[in-house]
Amino acid sequence: MSLGYAQKLSYREDVGVVGLTEVFDQPAVLQRKIEELALIIKKSKHLVAFTGAGISTACGIPDFRGPKGVWTLQREGKGVPEASLPFHRAMPSLTHMALVELERTGILKFVISQNIDSLHLRSGIPREKLAELHGNSFSELCPSCGAEYLRDFEVETIGMKLTPRRCSDVKCGARLRDTVLDWGDALPVKEMNPAEQHCKMADVVLCLGTSLQITPACNLPLKSLNGGGKIVIVNLQPTPKDKKASLVIHGQVDKVIAGVMHFLNVQIPPYVRIDFVHINLKHAPRKKTYVKWILKVASLHGSRAPLPFVKSVEVSFPERPDMKTAFLAKQPFVLKRETARKRPFTMALKFNFTDGCRCSFTTVFWGVNFQVKLKSFIQDKNEILKKLRDDADQESECGQQEIVEKLILPRSESAIHAITTNIMRYNLSETATVEEAISIGEDSKIERFGEDENGDDDEMSSKRAKWF
């Protein structure tokens with residue numbers, strides 16, 4: 001777990017009850033409740049999901065109040081628990097992706113989240129159908145024009161403070177702020193208003209993986225009751241709102257949702273992670289026969305942003321044995337060379353990925369000819385991302401790449417490449433019983449490419465959200 005994330009989760013005396021005992025429904029009871037929940041969802045007209053830290057524990061992110069929760073261990077003097085992988089590489093759980101499919105089919109109308117891990121957005125929930133009550137560790141907001149930027153790295157600050165970056169709108173350019181609330185901060189109106197509105201409209205509010213203790217967020221589901229709506233709670237610990245709920249299920253969220261999706265006969269889509277890299281080549285003639293050039297590999301989020309998924313870059317020249325291979329081990333990745341102006345060459349850029357990526361590297365080939373002036377182009381980003389996801393799904397592996405845009409200027413050229421770096425499937429057997437479907441939500445049963453049966457080792461659709 002990163003230091004920044006640990007600070008964001010740091011213990012306070014006013015967090016309420018911690019170290020809650022986990023309660024598990026008996027298998028027969030759990031099966032009956034899963035079937036009941038599936039029927040409730042099937043009949044719902046306006047389903048709202050209200051999510052907490054419990055839906056992300058399967059992603060390697062610890063919760064707060066459970067036996068091994070952040071606040072529980074801190075109260076016991078044991079410090080912050082270790083995450084199983086870098087925070088920025090966490091992948092959506094089965095529950096995250098199930099919610100995505102329920103939204104796509106029109107069943108789920110809105111998601112309200114207390115989490116700051118960005119996994120709802122990365123999984124594919126549209127920004128306009130999501131309220132992030134406590135902010136997002138990977139999001140920056142322009143206080144001037146309201147533009148929102150989703151990053152592939154954890155933003156450095158919390159408490160809605162200024163960050164090192166500026167709004168990319170040429171008419172604005174204001175300093176950006178982080179979106180994560182600090183203790184005592186009021187919940188943002190632009191998140192609370194739609195959350196409250198949808199809870200009032202909801203005939204079902206499905207509370208997943210939340211102890212429902214932090215106010216005022218925990219009171220939002222209750223607003224559905226005035227209109228005759230129902231509250232369903234799926235959590236391992238008892239909550240203060242259990243008596244208000246029509247159905248309380250004590251079980252692991254992924255297990256419950258796997259059973260529900262099986263009962264509804266709705267398949268859970270695979271998750272394909274796509275990251276971006278910005279490659280820039282600047283050049284200047286030296287005398288008549290040589291040219292000096294500088295290659296830079298960086299984040300598309302600007303010079304002040306890290307490139308968190310790339311560990312190192314190897315630059316080789318497969319057609320030119322006279323040109324030495326370079327190994328770039330430190331960000332920013334920069335290579336300076338001087339070569340003959342009239343001799344074209346091809347660069348092979350091998351990107352070695354960091355821990356948490358399902359493939360260890362991919363190679364981008366870049367043809368360089370200082371005598372030829374190529375044209376700039378911008379491809380349809382949505383089509384490119386869809387193609388990459390489809391290719392990764394069909395080929396059962398990651399590492400595919402496509403150029404999203406390329407810009408050619410007299411003394412420079414640059415390109416943005418999209419690369420698939422993770423893929424995960426969440427399989428529900430077509431012939432499984434509900435009891436078998438329940439077991440599919442277990443971590444050991446989540447099929448990851450490159451693992452054996454024992455488990456050994458997005459773009460957002462919102463018009464206001466910007467990737468680059």
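Numbers below:
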item: Residue list for region 148-165, filter: among the aliphatic types (A, V, I, L, M), more than 18 Å from the chain's Cα centre (by Cα) and within 12 Å of Gly135 (Cα to Cα); result: Ile158, Met160
item: Qualifying residues in region 157-177 (those that are β-branched (Val, Ile, Thr) and open to solvent by less than 80 Å² (accessible area, probe 1.4 Å)) - the one farthest from Ser137 (Cα to Cα); result: Thr163
item: Where Ser211 falls short, out of the listed (1) under 24 Å from the mean Cα position of the chain (by Cα); (2) closer than 28 Å to Gly184 by Cα; (3) part of a helix (DSSP H, G or I); result: (3)
item: Qualifying residue in region 400-419 (condition: in a helix (DSSP H, G or I) and crowded, with 20+ Cβ neighbours inside 10 Å); result: no
item: Subset tally (residues that are within 17 Å of Leu181 (Cα to Cα), open to solvent by 10 Å² or more (accessible area, probe 1.4 Å), among the hydrophobic types (A, V, I, L, M, F, W, C) and in a loop (DSSP other than H, G, I, E, B)) for region 112-155; result: 1
item: Residue count, region 341-360 (criterion: more than 26 Å from Leu307 (Cα to Cα) and open to solvent by 30 Å² or more (accessible area, probe 1.4 Å)); result: 4
item: Looking only at region 361-376, and only at residues there that are in contact with a strand residue (DSSP E or B) (Cβ under 6 Å, 6 or more places away or on another chain) and in a loop (DSSP other than H, G, I, E, B), the one that is surrounded by the most Cβ atoms within 10 Å (Cβ to Cβ); result: Phe370
item: Residue list for region 181-217, restricted to those being of a type in the set (A, V, I, L, M, F, W, C) and over 19 Å from Lys129 (Cα atoms); result: Leu181, Trp183, Ala186, Leu212, Ile214
item: Residues located in region 247-282, provided they are over 30 Å from Tyr426 (Cα atoms) and either open to solvent by 10 Å² or more (accessible area, probe 1.4 Å) or polar (S, T, N, Q) (or both); result: His278, Asn280, Lys282
item: Lys330 vs. criteria within 25 Å of Ser303 (Cα to Cα), out of contact with any Pro (no Cβ under 8 Å at 6 or more places or on another chain), of a type in the set (D, E, K, R) and not in a strand (DSSP E or B); result: yes
item: Members of region 283-337 that are open to solvent by 70 Å² or more (accessible area, probe 1.4 Å) and touching an Asp or Glu at 6+ places or on another chain (Cβ under 6 Å); result: Tyr290, Lys292, Phe327
item: Those residues of region 86-107 which are open to solvent by 40 Å² or more (accessible area, probe 1.4 Å) and not in a helix (DSSP H, G or I), in sequence order; result: Pro86, Thr105, Ile107
item: Selected residue [farther than 18 Å from Glu402 by Cα and touching a Lys or Arg at 6+ places or on another chain (Cβ under 7 Å)] from Glu338, Glu319; result: Glu338
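The values are calculated or read from the model by the stated rules, or taken from the named source; none is laboratory data. In this text, all values refer to a predicted model and were calculated from it rather than measured experimentally. Glycine also receives a Cβ, built like all others from the backbone with ideal geometry; neighbour counts cover every protein chain displayed. Heads up: the accessible areas ignore ligands, DNA and RNA and are worked out on the full protein's heavy atoms, side chains in. Shrake-Rupley method; radii C 1.70, N 1.55, O 1.52, S 1.80 Å.
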